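Here, each number is a calculation from the coordinates, and none is a lab measurement. Everything numeric in this text was worked out from a predicted model, so none of it was measured. Cβ placement follows ideal geometry from the backbone for every residue including glycine, while neighbour counts extend to all protein chains displayed.
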Amino acid sequence: MSPEQAERAIAALHARYVEVIDEGRLEEWPDLFVEAGRYEITTRDNLANNYPIGVVYCDTRAMMVDRVTAARRILVYEPHSYRHVGGYLTVAPDGAARWRASAHFHAFRTMQSGDFRPFACGVFRDVVTFASGTPLFESRQVVLDSANIDTGLVIPL
């Protein structure tokens, strides 16, 4: 696969990811990862200080399914949705069928009342592999610029 083909496929994976989250189709979210995929939300400060614990951590697709199940059936939170705005995708090879990618993002949150505001900004740091020609996340590390989060993170970013 050429670097240009990989970049287009990874850009499409990024677009599908934010569409799944922003449109509330959370049940599809784990399918964007390999079975042993890792999803983590941390902060720039945590990384700078080598703090091992982030805000959210899932180290398998099954944990992601559990997180979606909890959000749908167990957790009590004010209904809301996100709208991601992103850009500056960079892609670099990291082995035979493996690529590293990063993209900056802003996420706006809209509450059920219609109130909306900026919620989070940062960078997605990804390792992407191609399984049967389809790009999937091996890992997605969401690095937030600020540790100030005004509510619990129920929905993935």
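In what sequence do Ser102, Ser113 fall when counting other Cβ within 10 Å, fewest first?
On the way: Ser102 15, Ser113 9.
Ranked by crowding around the Cβ, least crowded first: Ser113, Ser102.
To the nearest 10 degrees, how steep is helix 3-22 against the longest Cα principal axis of the chain, on a 0 to 90 scale?
20
Take peptides 74-86, 24-36 and line them up by average Cβ neighbours within 10 Å, highest first, as a rough protection proxy.
Going from most to least packed, we get 24-36, 74-86.
Quick check on the exposure proxy: order Arg73, Arg38 from fewest to most C-beta atoms within 10 angstrom.
Arg73, Arg38
Compute the acute angle (0 to 90°) between the alpha-carbon long axis of helix 61-73 and the principal axis of greatest extent of the alpha-carbon atoms of the chain; round to the nearest 10°.
20
Given labels modelled 7 Å from the Cα in the Cβ direction, how far is it in nm from Ala97 to Asn49?
So the two model labels end up 4.1 nm from each other.
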